[in-house]
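*Asks:* Following this message is one structure expressed as structure tokens.
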Amino acid sequence: MNTTTSASRQLEGFEDTVKDFWASRPRRPGHGRKLAGVAAGVGNRYGIDPAVIRVLFVVLTVFSGIGLPLYLLGWLVFAEEGDEVSGVESLFGKGHSSMSKGLALVLCVALVPLSGWAFAGSWIDGGAFVGGALVVAGLYLLHRNRGQFRRPVPTGPSTAYSATAGTSGDTGAWGPPVSQAPPTWDALGADPLGWRLPAPVTPAPPSQPSTSPTSPRRNSKVGLATVGVALAVGGAGTALAVADVPWFTPVHVIGLVLAVLAAGMVVGSFLGGGRGLLWLAVPLSLAGLAAGAVPVEYVGGGIGELTAKPTSAEQVEPVYERTMGQINLDLTGLTADSDPVETTVRTGVGSVIVLVPENADVTYRCETTLGSMSCFDHEHSGIDTPEITGVHNGADGVGGPKVTVTAETGAGNVEVLRE
């Protein structure tokens, strides 16, 4: 069934553009979608490859956190093809939607913490505001330039159409144009339909099979060229990151590669080809999310479990670290006459456990981005929890070996305790 029209309309200004966008906003298709059909709906509405829209959502999620809330918002306000209204409108009794009210309520509730998470400042400073502004500006410009094409065919009760739509011959908010509605009153008291004679039926001429040969699909080199450029950019960025060049962190290198892939998909949407780049962009975006959740300094130390039990101050390393794995540091071998020690124990993903002597005077700092902390008498858990700092002298008070320890993990558990 055709679900778009090509009715043209001159948009006067910003307010008129916004109103027209809402009246003819994209509809989520039943076929050709990957999840809820938001990206496919926007792509179909404005004649853009849906793969480009999907990549845009992923990039916005990785670098500003706003992509996921925007997707849920589109899921709520874009009606599915064949529905009278969207899911959020059905909550207020404005019409029927195939989305259950339970799901609509769940999406509304989930939208609040996800939006707070995006604007909480844990992403690139101001990224959520910049990303949101770019999306609004992009949609406005798209609708100004392409809003008159591929307009969704309205569905729903015919009582909701406006009179202005009928006079222009275009469809209104819902239902057929007024000019097509049958008259409801006749001065002679006869059935209005009785005065209408059937139009003569002209048989359609037999269709002739097309003799023009089908042109073969051209093999585009956009995808191959984009992969080559992405590998070159990723290799150069990795080399600069290993050389400790400022700004070139794992997250930024992944972002550069994603930007190259996104540009390739945009070019491919016009020249043909490049759709396979999506299979590279999705896992790379997930890697970017993981790298963004782990502080960038946690990149060394290897993978696996690390256990150390020094028996003197000289044997205590200044740093114990793992990119992924568990670190067990046992300092109970230190004696009261040992020199003061200071060490940092950190892992990107995993657990950190530091055991100190019963009589040690400990100055500590515990930190985790995602996980739980238990440092002497203090416990915290969650996301972006505040660090725990303090001094713990033990049951015997001041006296014993002096220990300064910093225990950190990007995602995992942190424990500092006595034997």
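The values are calculated or read from the model by the stated rules, or taken from the named source; none is laboratory data. As the structure is a prediction and not an experimental result, all values here were calculated from the model. Cβ: placed from backbone, ideal geometry, glycine included. Neighbour counts: every protein chain shown. Note: areas computed on protein heavy atoms with side chains; ligands, DNA, RNA excluded. Shrake-Rupley method; radii C 1.70, N 1.55, O 1.52, S 1.80 Å.
*Asks:* How many angstrom separate the Cα center of segment 81-118 from the Cα center of segment 353-416?
*Replies:* What the calculation gives is 44 Å, centre to centre.
*Asks:* Calculate the spin-label point distance for residue 129 paired with residue 232, positioning each point 7 Å from the Cα along the beta-carbon direction, and give it in nanometres.
*Replies:* 3.8 nm
*Asks:* What is the spin-label model distance, in nm, from residue 225 to residue 363 if the labels are put 7 Å beyond Cα along the C-beta direction?
*Replies:* Taking the simple label geometry, residue 225 and residue 363 are separated by 6.0 nm.
*Asks:* What is the spin-label model distance, in nm, from residue 370 to residue 282 if the labels are put 7 Å beyond Cα along the C-beta direction?
*Replies:* 1.9 nm
*Asks:* Now for a separate question. Using mean Cβ contacts within 10 Å as the protection proxy, how do 393-399, 357-363, 49-55 order, highest first?
*Replies:* In decreasing order of mean packing, 393-399, 357-363, 49-55 become 49-55, 357-363, 393-399.
*Asks:* Largest first, how would 14, 63, 78, 149 line up by accessible area (1.4 Å probe)?
*Replies:* So, going from the largest accessible area down, we get 14, 149, 63, 78.
*Asks:* With θ set to phi - 60°, apply the Karplus curve 6.51 cos²θ - 1.76 cosθ + 1.60 along segment 52-65 and write out the HN-Hα couplings as whole Hz, x wherever there is a Gly or Pro.
*Replies:* Working through the residues one at a time gives 5, 5, 5, 4, 4, 4, 5, 5, 5, 5, 5, 9, 9, x Hz.
*Asks:* How much net charge surrounds residue 393 when only the other residues with a Cβ under 15 Å from the Cβ of residue 393 are counted, with Lys and Arg +1 and Asp and Glu -1?
*Replies:* The answer is -2.
*Asks:* Here is a further query. Using the beta-carbon distance between residue 395 and residue 312 and R0 = 25 Å, what value does 1/(1 + (r/R0)^6) give for FRET efficiency, to the nearest 0.05?
*Replies:* According to the calculation, E is roughly 0.55.
*Asks:* Also: Need the full-extension length gain, residue 19 to residue 240, defined as separation in residues times 0.36 nm minus the C-alpha distance. One decimal, nm.
*Replies:* 74.7 nm is the gain from fully extending residue 19 to residue 240.
*Asks:* Which semi-axes, in whole Å and largest first, does the equivalent ellipsoid of segment 342-415 have when worked out from the alpha carbon gyration tensor as the square roots of 5 times its eigenvalues?
*Replies:* They are 23, 12, 9 Å, listed largest first.
*Asks:* Further, regarding this structure: Between residue 100 and residue 35, what's the calculated FRET efficiency when r is the beta-carbon distance and R0 is 22 Å? Round to 0.05.
*Replies:* It comes to 0.85.
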